[in-house]
Amino acid sequence: MNRLRKANQQIYDLTFLSVRSRIIKRLVAWCEEYGVASDPTASVRIPIKLTHQQLADMVGAVRETVSKVLQDMQDEGMIEIEQKMIQVKDRAGLEKWLVNEM
């Protein structure tokens, strides 16, 4: 049953959410997995090396769009990318974006 729910959620996300929202949703999930639960304002370094193409495949988008969204998010100070690793600098901002989008 859990697999069915997860599949339905993925279909919903691909159908109704923007690429930016899908990327943010993935980043927030990684923050929850790798971040410190007691401090949601702390910066979270996601210990997964990813290419833009790999992230694009995960969120159902083309690499060019993902690259643009990631660059925009860096320019806004939400994330930082070094050596193919993403550091989320504004987790609260990402979560707020998702709430407003959904």
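Listing for the model above:
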| quantity | calculated |
| --- | --- |
| Net length gained if the chain between residue 10 and residue 63 were fully extended (0.36 nm per residue, minus Cα distance) | 17.2 nm |
| Reciprocal mean inverse distance between Cα atoms of the range 26-91 - Kirkwood radius, Å | 12.1 |
| Extreme residue, positive dipole direction of the range 2-101, given options 79, 43, 54 (C-beta unit charges) | 54 |
| Relative contact order, percent, the range 2-101 [alpha-carbon distance under 8 Å, six or more residues apart] | 32 |
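Where a number appears in this text, it was derived from the coordinates with a stated rule and is not lab data. No experiment lies behind these values; they were computed from the predicted model shown. Note that we place each Cβ from the backbone using ideal geometry, even for glycine, and neighbour counts take in every protein chain shown.
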